[in-house]
Amino acid sequence: ALLLVVLIFFLLLLFLFQSVTMGVPLDADKTQLYRLAKAIRLAGITEEVEVIAKARVPIIKFKDAASGLDVDISFNQSSGLDAIPYMHDEMESLPAVKPLTLVLKLFLSVRKLNEPFHGGVGSFLLQSMVISFLKIVHVRGERTFQWRSTWQKMSLGALLHAFFDFYGERLNYDTVGLKVKGGGGLFKKTKRNGWEQQMGRLALESPLDRSDIGRGAYRFSNIRRAFKYAWLALLAPQESVGKSLLSR
(Lines give C-alpha, C1' and ligand atoms only; values in the text may rest on other atoms or scores of the structure.)
Protein backbone atom coordinates (compact mmCIF):
# COMPACT_ATOMS: atom_id res chain seq x y z
CA ALA A 1 0.00 0.00 0.00
CA LEU A 2 2.87 2.37 0.82
CA LEU A 3 4.51 1.67 -2.54
CA LEU A 4 1.21 2.46 -4.27
CA VAL A 5 0.95 5.80 -2.47
CA VAL A 6 4.54 6.72 -3.40
CA LEU A 7 3.98 5.78 -7.05
CA ILE A 8 0.74 7.78 -7.31
CA PHE A 9 2.44 10.75 -5.63
CA PHE A 10 5.27 10.56 -8.17
CA LEU A 11 2.81 10.43 -11.08
CA LEU A 12 0.93 13.44 -9.71
CA LEU A 13 4.15 15.42 -9.35
CA LEU A 14 5.11 14.54 -12.92
CA PHE A 15 1.66 15.50 -14.14
CA LEU A 16 1.73 18.82 -12.26
CA PHE A 17 5.16 19.63 -13.66
CA GLN A 18 4.01 18.94 -17.23
CA SER A 19 0.87 21.02 -16.77
CA VAL A 20 2.78 23.98 -15.39
CA THR A 21 5.49 23.85 -18.05
CA MET A 22 2.82 23.65 -20.77
CA GLY A 23 0.93 26.57 -19.24
CA VAL A 24 -2.27 24.54 -18.76
CA PRO A 25 -4.18 25.20 -15.49
CA LEU A 26 -5.47 22.03 -13.84
CA ASP A 27 -9.06 23.18 -13.74
CA ALA A 28 -9.12 24.58 -17.27
CA ASP A 29 -10.27 21.42 -18.99
CA LYS A 30 -11.43 17.97 -17.96
CA THR A 31 -9.05 16.57 -20.53
CA GLN A 32 -6.48 16.85 -17.76
CA LEU A 33 -8.22 13.90 -16.09
CA TYR A 34 -7.69 11.83 -19.20
CA ARG A 35 -4.04 12.85 -19.44
CA LEU A 36 -3.37 11.66 -15.90
CA ALA A 37 -5.40 8.50 -16.49
CA LYS A 38 -3.22 7.74 -19.50
CA ALA A 39 -0.06 8.24 -17.42
CA ILE A 40 -1.40 5.83 -14.77
CA ARG A 41 -2.21 3.25 -17.42
CA LEU A 42 1.24 3.54 -19.01
CA ALA A 43 2.87 3.14 -15.58
CA GLY A 44 1.47 -0.39 -15.49
CA ILE A 45 -0.02 -0.19 -12.01
CA THR A 46 -3.50 -1.11 -13.26
CA GLU A 47 -5.16 -2.77 -16.22
CA GLU A 48 -8.17 -0.47 -16.42
CA VAL A 49 -8.68 3.20 -15.58
CA GLU A 50 -12.10 4.86 -15.49
CA VAL A 51 -12.53 8.62 -15.83
CA ILE A 52 -15.82 9.92 -14.42
CA ALA A 53 -15.77 13.42 -15.82
CA LYS A 54 -19.48 14.24 -15.49
CA ALA A 55 -19.76 13.69 -11.75
CA ARG A 56 -20.24 16.61 -9.36
CA VAL A 57 -16.62 15.99 -8.37
CA PRO A 58 -14.85 14.53 -11.45
CA ILE A 59 -12.58 11.64 -10.50
CA ILE A 60 -10.27 8.96 -11.84
CA LYS A 61 -11.00 5.44 -10.59
CA PHE A 62 -8.81 2.35 -10.85
CA LYS A 63 -7.83 -0.79 -8.98
CA ASP A 64 -4.16 -1.23 -8.10
CA ALA A 65 -2.94 -4.45 -9.73
CA ALA A 66 -0.51 -5.35 -6.93
CA SER A 67 -2.63 -4.75 -3.83
CA GLY A 68 -6.17 -4.90 -5.23
CA LEU A 69 -6.97 -1.59 -3.54
CA ASP A 70 -9.53 0.72 -5.16
CA VAL A 71 -8.13 4.20 -5.80
CA ASP A 72 -9.99 7.47 -6.50
CA ILE A 73 -8.17 10.65 -7.56
CA SER A 74 -9.69 14.12 -7.83
CA PHE A 75 -8.27 17.62 -8.38
CA ASN A 76 -8.64 20.80 -6.34
CA GLN A 77 -10.83 19.22 -3.64
CA SER A 78 -9.94 20.10 -0.06
CA SER A 79 -13.04 18.53 1.52
CA GLY A 80 -11.29 15.18 1.98
CA LEU A 81 -8.46 16.81 3.91
CA ASP A 82 -10.94 18.85 5.97
CA ALA A 83 -12.83 15.67 6.91
CA ILE A 84 -9.79 13.82 8.28
CA PRO A 85 -9.47 15.58 11.68
CA TYR A 86 -13.25 15.53 12.14
CA MET A 87 -13.53 11.79 11.47
CA HIS A 88 -10.51 11.09 13.65
CA ASP A 89 -12.11 12.92 16.59
CA GLU A 90 -15.45 11.14 16.09
CA MET A 91 -13.79 7.70 15.97
CA GLU A 92 -11.94 8.52 19.17
CA SER A 93 -15.17 9.35 20.99
CA LEU A 94 -17.27 6.67 19.24
CA PRO A 95 -15.13 3.51 18.91
CA ALA A 96 -17.95 1.60 17.19
CA VAL A 97 -17.76 3.87 14.11
CA LYS A 98 -14.82 2.08 12.50
CA PRO A 99 -15.96 -1.58 12.74
CA LEU A 100 -19.56 -0.74 11.81
CA THR A 101 -18.42 1.30 8.81
CA LEU A 102 -16.18 -1.50 7.55
CA VAL A 103 -18.94 -4.10 7.78
CA LEU A 104 -21.52 -1.81 6.17
CA LYS A 105 -19.11 -0.79 3.41
CA LEU A 106 -18.69 -4.45 2.49
CA PHE A 107 -22.46 -4.98 2.77
CA LEU A 108 -23.09 -2.19 0.26
CA SER A 109 -20.18 -3.14 -1.99
CA VAL A 110 -21.35 -6.72 -2.64
CA ARG A 111 -24.75 -5.28 -3.61
CA LYS A 112 -23.16 -2.60 -5.84
CA LEU A 113 -24.75 0.16 -3.78
CA ASN A 114 -21.52 1.87 -2.70
CA GLU A 115 -20.70 4.09 -5.69
CA PRO A 116 -21.85 7.74 -5.32
CA PHE A 117 -21.67 8.26 -9.10
CA HIS A 118 -24.31 5.55 -9.50
CA GLY A 119 -26.54 6.87 -6.70
CA GLY A 120 -25.00 4.75 -3.94
CA VAL A 121 -23.55 5.56 -0.53
CA GLY A 122 -19.87 6.52 -0.54
CA SER A 123 -17.44 6.35 2.36
CA PHE A 124 -17.97 9.85 3.79
CA LEU A 125 -21.75 9.59 3.67
CA LEU A 126 -21.67 6.11 5.22
CA GLN A 127 -19.40 7.23 8.06
CA SER A 128 -21.70 10.19 8.69
CA MET A 129 -24.73 7.88 8.76
CA VAL A 130 -23.03 5.65 11.34
CA ILE A 131 -22.01 8.62 13.50
CA SER A 132 -25.48 10.17 13.34
CA PHE A 133 -27.07 6.82 14.23
CA LEU A 134 -24.80 6.27 17.25
CA LYS A 135 -25.48 9.75 18.57
CA ILE A 136 -29.23 9.27 18.20
CA VAL A 137 -29.05 5.92 20.01
CA HIS A 138 -27.07 7.53 22.82
CA VAL A 139 -29.26 10.60 23.29
CA ARG A 140 -32.77 9.40 22.52
CA GLY A 141 -32.68 5.69 21.68
CA GLU A 142 -34.80 4.42 24.55
CA ARG A 143 -37.27 7.31 24.53
CA THR A 144 -37.85 7.54 20.78
CA PHE A 145 -37.04 4.12 19.35
CA GLN A 146 -37.52 1.86 22.39
CA TRP A 147 -33.94 0.60 22.27
CA ARG A 148 -33.17 -0.51 25.79
CA SER A 149 -29.58 0.62 26.02
CA THR A 150 -27.06 3.25 24.98
CA TRP A 151 -24.44 2.39 22.38
CA GLN A 152 -21.78 1.88 25.10
CA LYS A 153 -23.74 -1.08 26.49
CA MET A 154 -24.66 -2.66 23.14
CA SER A 155 -22.52 -5.24 21.32
CA LEU A 156 -21.38 -4.53 17.77
CA GLY A 157 -23.86 -7.15 16.54
CA ALA A 158 -26.73 -5.44 18.34
CA LEU A 159 -25.61 -2.06 16.99
CA LEU A 160 -25.47 -3.41 13.44
CA HIS A 161 -28.97 -4.81 13.78
CA ALA A 162 -30.21 -1.53 15.25
CA PHE A 163 -28.57 0.36 12.36
CA PHE A 164 -30.49 -1.80 9.83
CA ASP A 165 -33.65 -1.24 11.87
CA PHE A 166 -33.17 2.53 12.03
CA TYR A 167 -32.33 3.19 8.36
CA GLY A 168 -34.36 0.34 6.93
CA GLU A 169 -37.59 0.71 8.89
CA ARG A 170 -37.91 3.48 11.46
CA LEU A 171 -36.60 6.69 9.90
CA ASN A 172 -39.26 8.79 8.15
CA TYR A 173 -37.41 9.93 5.02
CA ASP A 174 -40.31 12.09 3.83
CA THR A 175 -40.28 14.52 6.75
CA VAL A 176 -37.05 14.09 8.73
CA GLY A 177 -33.38 14.83 8.12
CA LEU A 178 -30.30 13.97 10.14
CA LYS A 179 -27.60 16.06 11.81
CA VAL A 180 -24.12 14.77 12.55
CA LYS A 181 -22.08 17.54 14.14
CA GLY A 182 -22.12 18.10 17.87
CA GLY A 183 -24.73 15.97 19.56
CA GLY A 184 -26.35 15.00 16.26
CA GLY A 185 -30.09 14.54 16.10
CA LEU A 186 -33.09 14.92 13.81
CA PHE A 187 -34.72 17.94 12.16
CA LYS A 188 -37.86 18.56 10.10
CA LYS A 189 -37.15 19.05 6.40
CA THR A 190 -39.84 21.73 6.21
CA LYS A 191 -37.74 23.92 8.51
CA ARG A 192 -35.03 24.25 5.83
CA ASN A 193 -35.43 25.76 2.39
CA GLY A 194 -35.08 23.19 -0.37
CA TRP A 195 -34.68 20.17 1.90
CA GLU A 196 -38.40 19.35 1.80
CA GLN A 197 -38.04 18.58 -1.92
CA GLN A 198 -36.05 15.45 -1.10
CA MET A 199 -39.14 13.43 -0.23
CA GLY A 200 -38.38 9.77 0.37
CA ARG A 201 -34.63 10.31 0.17
CA LEU A 202 -31.96 10.46 2.81
CA ALA A 203 -31.24 14.02 3.97
CA LEU A 204 -28.07 14.33 6.03
CA GLU A 205 -26.39 17.59 6.98
CA SER A 206 -22.65 17.62 6.30
CA PRO A 207 -20.55 18.15 9.42
CA LEU A 208 -18.23 20.36 7.34
CA ASP A 209 -20.47 22.90 5.58
CA ARG A 210 -24.12 22.03 6.43
CA SER A 211 -24.87 20.98 2.85
CA ASP A 212 -27.04 17.92 2.16
CA ILE A 213 -24.59 15.08 1.52
CA GLY A 214 -27.43 12.57 1.19
CA ARG A 215 -28.88 14.29 -1.88
CA GLY A 216 -26.68 12.39 -4.33
CA ALA A 217 -27.75 8.94 -3.09
CA TYR A 218 -30.67 8.75 -5.51
CA ARG A 219 -30.85 4.95 -5.22
CA PHE A 220 -31.56 5.16 -1.52
CA SER A 221 -34.89 3.39 -1.90
CA ASN A 222 -32.89 0.31 -2.97
CA ILE A 223 -30.45 0.83 -0.13
CA ARG A 224 -33.27 1.18 2.38
CA ARG A 225 -34.83 -2.09 1.17
CA ALA A 226 -31.45 -3.82 1.52
CA PHE A 227 -31.14 -2.58 5.11
CA LYS A 228 -34.69 -3.66 5.94
CA TYR A 229 -34.16 -7.11 4.45
CA ALA A 230 -30.94 -7.52 6.45
CA TRP A 231 -32.79 -6.50 9.63
CA LEU A 232 -35.51 -9.08 8.96
CA ALA A 233 -33.01 -11.78 7.96
CA LEU A 234 -31.18 -11.40 11.27
CA LEU A 235 -34.46 -11.89 13.14
CA ALA A 236 -35.80 -14.78 11.08
CA PRO A 237 -35.49 -18.30 12.57
CA GLN A 238 -33.00 -20.58 10.81
CA GLU A 239 -34.39 -23.93 9.68
CA SER A 240 -31.37 -25.91 10.93
CA VAL A 241 -31.50 -24.66 14.52
CA GLY A 242 -34.92 -23.08 14.88
CA LYS A 243 -33.41 -19.84 16.19
CA SER A 244 -32.53 -16.50 14.69
CA LEU A 245 -28.97 -15.59 13.79
CA LEU A 246 -28.92 -13.14 16.71
CA SER A 247 -29.73 -15.86 19.23
CA ARG A 248 -26.84 -18.10 18.22
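The values are calculated or read from the model by the stated rules, or taken from the named source; none is laboratory data. The structure presented is a predicted model; accordingly, all values stated were derived computationally and were not measured. Ideal geometry is used to build each Cβ from the backbone, glycine not excepted, and the neighbour counts take in all protein chains shown. Ligands, DNA and RNA are stripped out before the accessible areas are found, and what is left, the full protein with its side chains, is counted by its heavy atoms. Shrake-Rupley method; radii C 1.70, N 1.55, O 1.52, S 1.80 Å.
Among the conditions (1) out of contact with any strand residue (DSSP E or B) (no Cβ under 8 Å at 6 or more places or on another chain); (2) open to solvent by 80 Å² or more (accessible area, probe 1.4 Å); (3) among the hydrophobic types (A, V, I, L, M, F, W, C), the only one that MET87 does not satisfy is (2). Of the residues that make up the range 179-193, is at least one surrounded by 14 or more Cβ atoms within 10 Å (Cβ to Cβ), of a type in the set (S, T, N, Q) and not in a helix (DSSP H, G or I)? No, that holds for no residue. Being in contact (Cβ under 8 Å) with a residue 40 or more places away in the chain, open to solvent by 50 Å² or more (accessible area, probe 1.4 Å) and touching a helix residue (DSSP H, G or I) at 6+ places or on another chain (Cβ under 7 Å) holds for only one residue in VAL121, VAL103, and it is VAL103.
Just wondering, is there one or more residues in the range 50-65 that are surrounded by 12 or more Cβ atoms within 10 Å (Cβ to Cβ), farther than 24 Å from HIS118 by Cα and modelled with pLDDT under 85? The answer is no; no qualifying residue exists.
Consider the range 219-248 and keep the residues that are in contact with a His (Cβ under 9 Å, 6 or more places away or on another chain) and modelled with pLDDT of 90 or more. The one that is most open to solvent (accessible area, probe 1.4 Å) is ARG219.
Here GLY216, GLY200 are screened, and the one residue that is modelled with pLDDT under 90, under 30 Å from LEU81 (Cβ atoms), in contact with a helix residue (DSSP H, G or I) (Cβ under 9 Å, 6 or more places away or on another chain) and open to solvent by less than 60 Å² (accessible area, probe 1.4 Å) is GLY216.
Contact map, the range 199-228: first residue touching a residue at least 12 places away in the same chain (Cβ under 8 Å) and of a type in the set (Lys, Arg), second residue surrounded by fewer than 18 Cβ atoms within 10 Å (Cβ to Cβ) and outside any helix (DSSP H, G or I), Cβ cut-off under 6 Å, separation 6 or more or different chains; pairs are ARG219/GLY119.
Of the set (1) at pLDDT 80 or above; (2) surrounded by 13 or more Cβ atoms within 10 Å (Cβ to Cβ); (3) not hydrophobic (A, V, I, L, M, F, W, C), all apply to GLN32 but (1). Is there a residue being in contact with a Phe, Trp or Tyr (Cβ under 7 Å, 6 or more places away or on another chain), in a strand (DSSP E or B), open to solvent by 40 Å² or more (accessible area, probe 1.4 Å) and modelled with pLDDT of 90 or more anywhere in the range 157-175? Looking for residues that are in contact with a Phe, Trp or Tyr (Cβ under 7 Å, 6 or more places away or on another chain), in a strand (DSSP E or B), open to solvent by 40 Å² or more (accessible area, probe 1.4 Å) and modelled with pLDDT of 90 or more, one finds none in the range 157-175, hence no. Among the residues making up the range 106-118, those that are open to solvent by 30 Å² or more (accessible area, probe 1.4 Å) and more than 9 Å from the chain's Cα centre (by Cα) are LEU106, SER109, VAL110, ARG111, LYS112, PHE117, HIS118.
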